[in-house]
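Note sheet for the following structure.
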Amino acid sequence: MVRIISLSFILSHLSILPLSAQRMDNIPVHSKYIQAVDEYRPAPGQFVNDLPEYEAGDTEADMIRKCNDNIAGKSYAEPKTDAHLVALGGWGGYITFHFDHSIANIHGRRDFAVWGNAYQEMTNQVFGGMNEAGIIMVSKDVNSNGLPDDPWYEISGSCDIDSMGKVDYDYEIIYHKNHMGAIPWTDNKGNSGTIDRIMPWHMQEYYPEWLEDGLTFKGTRLPDNMVDLSSTVDHNWSSWYYVLIGFRYGYADNLPNFTDDADENSFNYEGCGIDISWAVDKERKPVNLDFVDFIRVYTGLNQKCPAPNWWGETSTEFGGAEDIHLEESLAAIRNSLTGIQNLTGGQAPCAVYDLQGRRVKSPDKGLYIKNGKKYNIK
């Protein structure tokens, strides 16, 4: 009797082999900084169409390329890399990116850092002061197609503990065009408002010129963090003094990039670092991810400063990201191939293996393993 095993049966049992979605480009030297931006869809904001600059006729692909020019292979936390910020605009605006390798989830460690332009307010009355927190999400390339189209998981930050009952996990907003005017929005809670123009500082159009009208975003809205400290400061230099209190951990553009402003090497990996183990699913239950391949950052606050010509809307600025433990990530990827290496004496670059882990020099049609991933020869 001949037993016929379906392809679906084989795929359902591939967990016995090292077929996780670990990615490691075949290049001489890997970078701790992001390789490329996959998506850039900002919400309206005072820096949109400026960081990066929109030029007449630019498409979404053009703007993604300009984002790459600003931050790919660079870090805003290291000025010598000549990185520039990317504006995400008001609530929901986002950017998606990847590295030239998967980032490993190292037990008990922060795994990657996301950089922004947050800073400590000058009077030191509160924790933080200019903190425009962005939500961080992660995804693993389970289908191995190199696209950010697999399930996404949110990084659970400190607001889930410190502000229970104040975080909205089912928020949705719609923005509409209003050329060179205040940008109107409505949300799914019956609220409405505007992204106001800040004159004379930002003179360009605030709605992303290359995107359609009716931009809609869904996700988590963090609690407002703006505090009026105007009564506590010397009014010789300003009539208003508003600050944005920082959250303890788990967000982008939330805490300063450095622990010591005078020391460019005092990177704030604790405050800006993210542990993949903080990831949760839609039910806010922890998920167990050994690696992630894509990261997304979106503005998590929907608020604006009431004082004229002050801050305007709260909008996350993105300054790049970094694999905090590059060598550990690469080693973890290599170790995930141990099953094949033990059977073949080491995995050769671009070598092909059958489902039993044996190297095949001239593969016929069928399902194989190539660089630790499923490889279908038709």
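Worth pointing out:
- Residue satisfying condition, being within 11 Å of the chain's Cα centre (by Cα) and among the acidic types (D, E), within set E132, E154: E154
- Residues located in region 108-127, provided they are in contact (Cβ under 8 Å) with a residue 12 or more places away in the chain and either touching a Ser or Thr at 6+ places or on another chain (Cβ under 6 Å) or in a loop (DSSP other than H, G, I, E, B) (or both): R109, R110, D111, W115, G116, N117, A118, E121, T123, Q125, V126, F127
- Odd one out for S277 among (1) more than 21 Å from N302 (Cα to Cα); (2) in contact (Cβ under 8 Å) with a residue 24 or more places away in the chain; (3) part of a loop (DSSP other than H, G, I, E, B): (3)
- Residue that is farthest from R23 (Cα to Cα) [pool: residues in region 241-280 that are among the charged types (D, E, K, R) and open to solvent by less than 40 Å² (accessible area, probe 1.4 Å)]: D253
- The sole residue among Y119, Y76 that is under 29 Å from T216 (Cα atoms) and among the aromatic types (F, W, Y) is Y76.
- Qualifying positions in region 281-305 - more than 17 Å from the chain's Cα centre (by Cα) and closer than 25 Å to Q22 by Cα: K282, R284, K285, P286, V287, N288, D290
- Hits in region 187-199 - residues which are farther than 11 Å from Q46 by Cα and assigned to a loop (DSSP other than H, G, I, E, B): N188, K189, G190, N191
- Any hit, region 185-208, residues being within 21 Å of A61 (Cα to Cα), free of Cβ contacts under 8 Å to residues at least 60 places away in the same chain and out of contact with any Gly (no Cβ under 9 Å at 6 or more places or on another chain): no
- Every residue from region 67-91 that is touching a strand residue (DSSP E or B) at 6+ places or on another chain (Cβ under 7 Å) and not aliphatic (A, V, I, L, M): C67, N68, N70, G73, K74, S75, G89, G90, W91
- Each residue in region 128-143 was checked for being part of a loop (DSSP other than H, G, I, E, B) and touching a Lys or Arg at 6+ places or on another chain (Cβ under 7 Å), and 1 pass.
- In region 71-80, the residues that are open to solvent by less than 70 Å² (accessible area, probe 1.4 Å) and farther than 20 Å from H101 by Cα: A77, E78
- Flag if D293 is surrounded by fewer than 21 Cβ atoms within 10 Å (Cβ to Cβ), modelled with pLDDT of 95 or more and not aliphatic (A, V, I, L, M): no
- Filter pass, S6 being open to solvent by 20 Å² or more (accessible area, probe 1.4 Å), small (G, A, S) and at pLDDT below 95: yes
- Taking (1) surrounded by fewer than 21 Cβ atoms within 10 Å (Cβ to Cβ); (2) over 19 Å from the mean Cα position of the chain (by Cα) in turn, E39 satisfies each apart from (2).
- Scanning region 187-220 for residues that are under 25 Å from the mean Cα position of the chain (by Cα) and open to solvent by 50 Å² or more (accessible area, probe 1.4 Å) turns up N188, E209, E212, D213, T216, K218.
- Subset of region 22-34 [of a type in the set (S, T, N, Q) and either assigned to a strand (DSSP E or B) or surrounded by fewer than 17 Cβ atoms within 10 Å (Cβ to Cβ) (or both)]: N26
- For the residues G157, G181, G165, G146, the requirement of being buried (at least 19 other Cβ atoms within 10 Å of the Cβ) and not in a strand (DSSP E or B) singles out G157.
- Counted residues, region 42-60 - those being open to solvent by less than 20 Å² (accessible area, probe 1.4 Å), under 17 Å from P184 (Cα atoms) and more than 18 Å from the chain's Cα centre (by Cα): 3
The values are calculated or read from the model by the stated rules, or taken from the named source; none is laboratory data. Since this is a predicted model, take the numbers as computed values, not measurements. Here the Cβ is made from the backbone with ideal geometry for all residues, glycine too, and neighbour counts use every protein chain on show. What goes into the accessible areas is simple: the full protein's heavy atoms, side chains included, and nothing from ligands, DNA or RNA. Shrake-Rupley method; radii C 1.70, N 1.55, O 1.52, S 1.80 Å.
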